[in-house]
Every structure is written in C-alpha cells, then in structure tokens.
Amino acid sequence: MPLSSWLKKQEREEKIRVHMDEPDCVQRLANNFALLLKKLCQAKNPVILCIGTDRSTGDSLGPLVGSKLGERFFPAPVYGSLAEPVHAVNLPDYLNLIQHNHPHPFLIAVDASLGNVDSVGYINLAPGAIKPGAGVNKNLPEVGDIHFTGIVNVAGFLEFLVLQNTRLHTVMKMADIIAAAIAEGFRLAKNPAFWRDKHLF
C-alpha cells in the first residue's frame, strides 16, 4: 500500500490529542510516537525540526522543545532552539540544509498553534505534515512526516498579538511534556520489550 494511502487509513487511529494536565500525558504521547516511528521512519534518518521564535511567548514552544532536547544530549539531529530558532524567514533555508546534511530525512516537526477556547492546553501528535504560520496568515511550506502541535492560545482575532500575550507557564509546561515524550518515544522504539506489550495499543 502506498504511504499516502496508509497514512489516510491510519490517521484516525494514530492521531492523539492529550491535555497537558493529564497525569499520563507524557507516556501516552511517547507510546504513540514510538509506534509512528517504528511504522513510518524505517530506513530514513530522523530529524527534529522545532519551529518558532523566541521573540513571541506563544510562538516559542518549538524553540523551547529544541533547547530542552539539546540539554538531554538527544541522539537525533535537532534544528530550532532558543539560541538558533527556525522561523518564517529562515525556514526554507533550514529545509535545504536538512536535505543536504541528512539524506532521506524523516522530519518530526514541532510547532505552536492556536485553536478554540476549549482546545487550549491540548497537545496533538499525528502522522503527516503541518503548515507553519497558517494561524497568523503566513505562507510557508508544509513540513514534517510526523508532527507535534501545542495549542497555546485562542484563535480568531489579532493572532499575532494573541501569541505575544500567551502565558509563559502554558508554553513551558507543553515544552517539557513534548521534549520528554520525544525522548521517551525514541527510547521505546528501540526497546524490544515495548513491542511485546500488546495492550499499549
């Protein structure tokens, strides 16, 4: 079955939405992330792409995750951090750099997003690409084979100002959760015992 057809068939089952205050949110995200890695990554080179800017509180989710993964001495390449953010201006350059440095990359994208008031605080993990900047009317290329998005605030009106006035607590907590889930998901994907535990899925 072609990858595109498989993704459409599995999307409903393997897309997960978890609130950051749920006590088991890290483990649930890590379990599903490990499953997606095992099924989709195959012989490709995993690369983490954390999108956003440290000049806006709400949009700093991606760079925060990248910095936290860097502090963990994460085994896969990570692009996008507080020190070197990947944002609207330089995203195309970084995509070219990744293609040059990592043949056949498997991109794991991380980005902030806006949603309705009931969705704030939720973290989404799903196969497929995201379109960064769509919430603030920026025309950027779609990126990612897997993506994490954190809904940091409410969409609908003056999104640029909404991102700037997002609570730092919300963004920091989401970044801790996503970084921990990515690190644990990579560990689980390489652990044979994990795949014998059928009840996880």
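Going Cα to Cα from K68, which aspartates and glutamates come in below 17 Å? Please leave out same-chain ones fewer than 8 positions away.
D54, D59, E84, D111, D176, E184
Go through (1) 48; (2) 63; (3) 56 and flag the label whose value is the computed percent of Cα pairs over 21 Å apart for this structure.
Structure-derived value, by its label: (1).
At R0 = 45 Å, how high is the FRET efficiency between N139 and R72 if r is their beta carbon distance? Nearest 0.05 is fine.
Computed FRET efficiency for N139 and R72 comes out at 0.85.
Give me the aspartates and glutamates in straight-line cross-link reach of K44: C-alpha distance below 14 Å, same-chain residues under 8 apart excluded.
D145
Would region 47-125 count as rounded, prolate or oblate if I go by the C-alpha gyration tensor, calling it rounded below 1.5 in a/c and otherwise prolate when a/b exceeds b/c, oblate otherwise?
In terms of gyration-tensor shape, prolate.
Efficiency by 1/(1 + (r/R0)^6): what FRET value for A129 and A193, r their Cβ-Cβ distance, R0 = 35 Å, to the nearest 0.05?
0.65
Give the percent of DSSP beta bridges with both residues in the chain that are antiparallel, rounded to the nearest 5.
Expressed as a percentage, antiparallel bridges in the chain total about 35.
Bear in mind that the values in this text are calculations on the coordinates, not laboratory data. What you are looking at is a predicted structure, and each value in this text was computed from that prediction instead of being measured. For neighbour counting, all protein chains shown are included, and Cβ atoms are generated from backbone atoms with ideal geometry for every residue, glycine included.
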